[in-house]
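Step one of this worksheet: look at the structure below.
The values are calculated or read from the model by the stated rules, or taken from the named source; none is laboratory data. Just so it is clear, the model here is predicted, and its values are computed rather than measured. Here the Cβ positions follow ideal geometry from the backbone for every residue, glycine too, while neighbour counts run over all protein chains shown.
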Amino acid sequence: MKLILRLAALCYVTIFISCSKPAPVQTGVEKSKTYEELEALFKEWRAFHAPVMVDSIPDYSAASMKKQQDELKQWQARLMNFDTTGWSIYQQVDWYLVWAEMNSLDFDHRVRQPWANDPGYYVWFFTSQPDVPEREGPNVYGMIEMNLYPSPLPESVAKEVAARLRKTGALYKQAKVNLTGNGKDMWNLGIRSIKEQSEELEGFANTVSAQYPDLAAAAREAKSASDEFAQWLTEQAPSKTGPSGIGKENYDWYLKNVHLVPLTWEGERLILERELYRAHSGLRLAEHRNRKLPKLQKKTDAEAYRKMLTDGVKEFLAFLEKDEMMTIKPYMEAPMMAQIRPFVKNDGIRGFFDEVDYRDPMPMRAHMYHWMEKEREKVEPVQSSIRRVPLLDNIFDGRAEGFATAMEELIMNEGMLANRPRATELIYIMLAQRCARGLGGLYQHANEMSFDEATKYASKWVPWGLMPADGGTIQHEEHFYLQQPAYGSSYVVGKVQLDQLIAEYARQREGKFELKEFMDRFTTSGIIPMSLLYWEMTGDKSMLQRAVGK
C-alpha cells in the first residue's frame, strides 16, 4: 500500500567513516554480484527499516530501538558484501542510495533519536499534501496521511481511518515513556505541533460528520488524546534546558554520509552567505533598473487573482515548450492548476509565498515545478525499482528543492520574465529568504542560535519585510530545519550543485550543448542526491568522492 511506503521515513546507517565502522564481512561468504540481488536486498531493507508494529502502533521503546540498531550491522555487512565490478554507473548509483539510507538509520540511532528527543515526531495525522516525493521531516511511522486516500472517502476507507485514529491515545501513552530528551527548543516547538494537530483533527471531524459520524467521533477522540498529550508535554517543558542542535561535527558527518554532499557545516555557511549577498545585490540593481516602472501591486479581488494565476500557468508551460527548454507533456498542466489556492482577503502580510504569488505568478510557477515532477512519478516512473519509491529521510532534498529553487533563476535567465521586469525583483527576494532560512537552520544545529534568534535573523535578511519573525512561514520552517538537518540549506546548495553539473556537462560538449537534452535527461533520472546525478550524467565521480571518501 502506498501509505506503508510513505510512512517508513526516518532513520539511518554508517558504513565507513570514523564513529561507526562497518560490520566485518564474513570470510568464506560468496559475494553478491548482481544488480537483481541489490534490488531484492532493497526490498527486504525497507521492511526492516520500519519499526515493529504492536497493536497497530509503531514500537519505539528503548528495547525495540536497541534491537534494530544491533541488527542494522548485519544489513551494512550484506550491502558491503556486494561486488559491483562491471556494473553500469546507473546501477552503482543505486547501491549508494541504499548505502545512504542505511547511514541515515545509523545516525538516527546514534545521534538524532527523534522518538526520544522530538515531541513533534509524534504528529499522527496530516491532511496536506507535500510538494516533494515524501513528507518533509522526521515523522512517526504509520501516521495517517489523508492525501493518500481517495476523495471522497469510500465507506470502507472511512472505517479504516477511524480505526487508526482510535490508536492515537495508545501511541501517546508510549510516547510519554519514550520521550526522554532535554532539548528546550525541540520540546517546546513540539508542543505547538501537537496542538496544531488537534486543530486539524477538529476541522476534519467537522467536514466528515454529516456523511461519516463514526469517523468524526474517532477524530474527536484523537483530538482529546492529542490535547491530553500536549498538556503533559507542557507540564514537562520547564525541566527541558538543553540545546536542540546536533552540533557541527555530527552535521558534517550527516551531510556527507547521508545526503552525499561534499561540504561541511562551514562550507554550507559560506555558500549560503555568498548567495544571500548576491541576492540582495541583484535585487537592488533590479529595483534601480525598474525605478521608472510602476511597482508590483498585490491583487485585491478574487477574479483578478484567479485569472492572473491561471494565465500564469499557461504562459509558464508555453514558454518552456516554445523556448525548447524542456519537454512539456499534456499531463503537466493539471497538477499546476490544482495548486492555485483560493483568494483570501488580507490588508496585511500573508504568508511569504502568498506575498509573492499575489504580485506576479511566474516566480512561484517556477518553484511549483515540484508538482509536475510529482505527476511524472505517477505517469512516467523511472526504470529503477530503487529510485521509484521516495528516498527515506528526505535524502532527495538537494535534488527536489535545489532544482525547484534553481528553476526560478533559470526562467529569468532564459528570458521568461522579459515582459514582466518587476518579477525579477521577486526572484531575488525568494533567493534571499531561502538563504536566510537556511542560515538560521545551520546556526541552530551549531547551537550558536536559539530558535527565536534564528527566526529573527532570517526575518532581518528578507527584503521588503515580507517574512516577519513571528509569521507562520519562518516559524514552521525553522522548526522543521531543526528536526531535519541539511534540509534548510538544500534549496541553495542543491541549486549551486546544479550550476556545477551544467558547467561540466556543457564543457564536455563545448559548442554542442543543448539545454532541452540536458533538462530532459536530468529531470527523468530520478529525484536522488545531486552528487550521484553528477556522476551519472558526466561520468565524473569526484563530487561523490569528496563527500564519502571513496
* Asked: Can you tell me which residues in the range 123-140 are surrounded by 23 or more Cβ atoms within 10 Å (Cβ to Cβ) and over 19 Å from SER104 (Cα atoms)?
  -> TRP124
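Test ILE427 against the stated conditions and say whether it is surrounded by 23 or more Cβ atoms within 10 Å (Cβ to Cβ) and in a loop (DSSP other than H, G, I, E, B).
Details: surrounded by 23 or more Cβ atoms within 10 Å (Cβ to Cβ): yes; in a loop (DSSP other than H, G, I, E, B): no.
Here the answer is no, as ILE427 does not meet what is asked.
Go through GLY267, GLY247 for me and flag whichever is closer than 25 Å to ALA436 by Cα, among the small types (Gly, Ala, Ser) and not assigned by TED's automatic domain parsing to the domain that holds ALA432.
Working: GLY267 fails: not assigned by TED's automatic domain parsing to the domain that holds ALA432.
It is GLY247.
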* To do: Kindly indicate the residue of the range 404-418 that is under 14 Å from LEU320 (Cβ atoms) and charged (D, E, K, R) and also farthest from the chain's Cα centre (by Cα) among those meeting that condition.
  => GLU414
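Yes/no matrix, rows are residues, columns are (1) in contact with a helix residue (DSSP H, G or I) (Cβ under 6 Å, 6 or more places away or on another chain); (2) at pLDDT 95 or above; (3) not assigned by TED's automatic domain parsing to the domain that holds GLU536:
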position	(1), (2), (3)
LEU10	yes, no, yes
PHE16	no, no, yes
PHE42	yes, yes, yes
ILE57	yes, yes, yes
SER61	no, yes, yes
ASP70	no, yes, yes
GLN74	no, yes, yes
MET80	no, yes, yes
ASP108	no, yes, yes
* To do: Give me the pairs, please: first residue somewhere in the range 357-378 and within 24 Å of ILE429 (Cα to Cα), second residue anywhere and polar (S, T, N, Q) and assigned to a loop (DSSP other than H, G, I, E, B), beta-carbon distance under 6 Å, and either six or more positions apart or on two chains.
  => MET368/GLN339; TRP371/GLN339
* Would a scan of the range 144-162 turn up a residue that is buried (at least 18 other Cβ atoms within 10 Å of the Cβ), at pLDDT 95 or above, out of contact with any Leu (no Cβ under 6 Å at 6 or more places or on another chain) and closer than 25 Å to THR180 by Cα? -> yes
* So ARG521, is it in a loop (DSSP other than H, G, I, E, B), without any contact (Cβ under 8 Å) to a residue 24 or more places away in the chain and either surrounded by fewer than 18 Cβ atoms within 10 Å (Cβ to Cβ) or not hydrophobic (A, V, I, L, M, F, W, C) (or both) -> no
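Does LEU272 count as hydrophobic (A, V, I, L, M, F, W, C), on the phi > 0 side of the Ramachandran plot and outside the structural domain of MET143 (by TED's automatic domain parsing)?
Values: hydrophobic (A, V, I, L, M, F, W, C): yes; on the phi > 0 side of the Ramachandran plot: no; outside the structural domain of MET143 (by TED's automatic domain parsing): yes.
So LEU272 fails the test.
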* To do: Only one of these is among the small types (Gly, Ala, Ser), under 21 Å from LEU276 (Cβ atoms) and either in contact with a Phe, Trp or Tyr (Cβ under 6 Å, 6 or more places away or on another chain) or outside any helix (DSSP H, G or I) (or both): ALA418, ALA404, ALA458. Name it.
  => ALA404
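From LEU320, LEU283, grab the single residue that is surrounded by 14 or more Cβ atoms within 10 Å (Cβ to Cβ) and either farther than 29 Å from PHE513 by Cα or touching a Pro at 6+ places or on another chain (Cβ under 7 Å) (or both).
Numbers: LEU320 fails: either farther than 29 Å from PHE513 by Cα or touching a Pro at 6+ places or on another chain (Cβ under 7 Å) (or both).
Being surrounded by 14 or more Cβ atoms within 10 Å (Cβ to Cβ) and either farther than 29 Å from PHE513 by Cα or touching a Pro at 6+ places or on another chain (Cβ under 7 Å) (or both) holds for just one of LEU320, LEU283, which is LEU283.
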* Return the residue satisfying two criteria in turn: it lies in the range 260-271 and is more than 15 Å from LYS550 (Cα to Cα) and out of contact with any Lys or Arg (no Cβ under 9 Å at 6 or more places or on another chain), and of such residues it is surrounded by the most Cβ atoms within 10 Å (Cβ to Cβ). => GLU268
* Structure fact -> In the range 484-518, anything free of Cβ contacts under 8 Å to residues at least 60 places away in the same chain, in a helix (DSSP H, G or I) and not aromatic (Phe, Trp, Tyr) is listed as GLY488, GLN500, LEU501, ILE502, ALA503, GLU504, ALA506, ARG507, GLU517
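Could you check, for the range 32-52, whether at least one of its residues is at positive phi and surrounded by fewer than 18 Cβ atoms within 10 Å (Cβ to Cβ)? Steps first, please.
Within the range 32-52, the first condition is being at positive phi, and the residues that meet it are none.
No, that holds for no residue.
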* **Residues of the range 283-302 satisfying the condition of being touching a residue at least 40 places away in the same chain (Cβ under 8 Å) and either within 25 Å of the chain's Cα centre (by Cα) or not in a loop (DSSP other than H, G, I, E, B) (or both)** => LEU283, ALA286, GLU287, ARG289, ALA302
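Residues checked against (1) in the same structural domain as VAL382 (by TED's automatic domain parsing); (2) within 30 Å of VAL379 (Cβ to Cβ); (3) of a type in the set (A, V, I, L, M):
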site: HIS479; (1), (2), (3): yes, no, no
site: ILE502; (1), (2), (3): yes, yes, yes
site: ARG507; (1), (2), (3): yes, no, no
site: GLU510; (1), (2), (3): yes, no, no
site: PHE522; (1), (2), (3): yes, yes, no
site: LEU532; (1), (2), (3): yes, yes, yes
* Asked: For the range 313-357, which residues satisfy the criterion of being within 25 Å of the chain's Cα centre (by Cα) and basic (Lys, Arg)?
  -> ARG341, ARG350
* Asked: For SER490, which of the numbered conditions (1) among the hydroxyl-bearing types (Ser, Thr, Tyr); (2) under 30 Å from TRP115 (Cβ atoms); (3) surrounded by fewer than 24 Cβ atoms within 10 Å (Cβ to Cβ) fails to hold?
  -> (3)
* To do: Having 1 or more residues that are under 30 Å from VAL98 (Cβ atoms) is the bar; report the helices (runs of 4 or more DSSP H) wholly within the range 166-280 that clear it.
  => 168-178, 184-208, 248-257
* To do: Please specify each residue of the range 438-451 satisfying the condition of being outside any loop (DSSP other than H, G, I, E, B) and touching a residue at least 40 places away in the same chain (Cβ under 8 Å).
  => GLY438, LEU439, GLY440, GLY441, LEU442, GLN444, HIS445, PHE451
* To do: Search the range 189-199 for residues being of a type outside the set (Val, Ile, Thr) and surrounded by 19 or more Cβ atoms within 10 Å (Cβ to Cβ), and hand back the single one that is nearest to ALA217 (Cα to Cα).
  => SER198
